[in-house]
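Working notes, beginning with the structure itself.
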Amino acid sequence: MPYFIDGVRLGLELVCQSVALLAVVPLMVWVMEDVPAFLVGRAVAPLGSRYRRFGHFGREILRHGIDVESGLMLTLALLALLILAGMSFIMPSCLGLVGAWLADPLLVGSLILTGALWAAPSYFGQVVRCWFVLCLMESFLVLAAPGVTGFLGVHHLLIAAPGSSLAGTALCCAVALAFLTPVPRREVLVAEMIEQAWPPSRAERDQKQRILELYRLGWVLLVGDSLLPVLFGLEGLGSVAGFIGRFMGGAALIIIGRATGLSRYRHFVALLLGLAGLMALAGRFAV
C-alpha cells in the first residue's frame, strides 16, 4: 500500500509539473516575441491568441497523431522541461524521482541543441559553439566545487555556503548562455522550410513551430537556472515562486542581450567565460 500511494503521488507530481510547464509556453512566446515588438511600436496579437494556437496544436495531436520523428523530438523536449522545472508540489522526496537530479547543464543543454539541430540543420555551426560553451560551463562548475552534480548540487552548496564563488561562476555562465541563440527563431525556421525541395504542409509547419517553442522555453529555463540556481529545487508554493523567478530571470537576460545587440559580439561571450573560469579558480584554490 505505501508503494501504491507513492506511485499515485508521483503521477500527480508529474501531471502538476506538466500542466505548469505547458501553461508557461504560450506566455514565454508572448514575452520573447510580442512584448519586444510592442515596445518598438509594432502591432502584436494578444496573449490569448498564443494560448489558442497552442491549444489547437494539442487537439491536432490527439485527433490525428504525430509522426515518429516529431514525436521523438516532442518527447525529448518534454523530458528537458521536466528536468529543468525543479519543482515539487506534492511530496518533497519526489523531486529526485521526477528528474531534478538529472538537471545537468551539459546533459539538458545537449537535449535542447538536438531539437534545434532537428528543426534547422543549417544551425549546425551555432549548435557546436553552444555545445562548446556548455562544456566549459560544466568544467567551471566542477572546478569551482568538486563533487557538485548539476543545478541541484549547486543549490545545496549555495544554501550551505552563500558566499561561494560558485554563484559568480554560474552568473557569468548564465549571461554567456543568454547571449547565444542555439534555438532558431520562427523567421529562420520558415526560411529553411521554404528552401526545402518538398516543403511540408501547413499543419506540419505549425506542428514543428510549436515543438520548437518547447525547446525555446527549455533554453530560457536553462539560462534562468544558471542565473538563479539557489531557487532550483524548492518545495511547495516556494517552488512555484522559484520557477517563476527563474523563468523571468532567464527571459530578461535573453531579451536584454537581444535588445542591446551584445549577442552579436562573440568576444563578449569569450570574456564572460574567461571571467567565469577565473572565479572558478579563485573558489577552488581559496584558502
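A compact table of results
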quantity: Identity of the residue in the stretch 178-200, small (Gly, Ala, Ser) and either within 18 Å of Arg266 (Cβ to Cβ) or open to solvent by 60 Å² or more (accessible area, probe 1.4 Å) (or both), that ends up modelled with the highest pLDDT; calculated: Ala178
quantity: Residue within the stretch 274-282 that is modelled with pLDDT of 80 or more, in contact with a Gly (Cβ under 8 Å, 6 or more places away or on another chain) and surrounded by 21 or more Cβ atoms within 10 Å (Cβ to Cβ) present; calculated: yes
quantity: Residue in the stretch 40-56 that is in contact with a helix residue (DSSP H, G or I) (Cβ under 7 Å, 6 or more places away or on another chain) and assigned to a loop (DSSP other than H, G, I, E, B) present; calculated: yes
quantity: Residue selected from the stretch 18-28 under the condition over 13 Å from the mean Cα position of the chain (by Cα) and farther than 13 Å from Leu78 by Cβ, by the criterion surrounded by the most Cβ atoms within 10 Å (Cβ to Cβ); calculated: Pro26
quantity: Some residue of the stretch 37-47 being modelled with pLDDT of 80 or more and either of a type in the set (Asp, Glu) or open to solvent by less than 30 Å² (accessible area, probe 1.4 Å) (or both); calculated: no
quantity: Residue in the stretch 140-155 that is most open to solvent (accessible area, probe 1.4 Å), counting only those that are in contact (Cβ under 8 Å) with a residue 60 or more places away in the chain and of a type outside the set (Phe, Trp, Tyr); calculated: Pro146
quantity: First in the stretch 23-45 and under 20 Å from Gly218 (Cβ atoms), second anywhere and of a type outside the set (Ser, Thr, Tyr) and open to solvent by 50 Å² or more (accessible area, probe 1.4 Å), Cβ under 6 Å, 6 or more apart; calculated: Trp30/Leu47; Asp34/Val44
quantity: Selected residue (criterion: nearest to Arg63 (Cα to Cα)) from residues of the stretch 207-245 that are of a type in the set (S, T, N, Q) and surrounded by 22 or more Cβ atoms within 10 Å (Cβ to Cβ); calculated: Ser239
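The values are calculated or read from the model by the stated rules, or taken from the named source; none is laboratory data. Keep in mind the model is a prediction, meaning the values are calculated, not measured. Neighbour counts are summed over all protein chains in view; Cβ atoms, including those assigned to glycine, are modelled from backbone coordinates with ideal geometry. Side chains included, ligands, DNA and RNA excluded: accessible areas come from the protein's heavy atoms. Shrake-Rupley method; radii C 1.70, N 1.55, O 1.52, S 1.80 Å.
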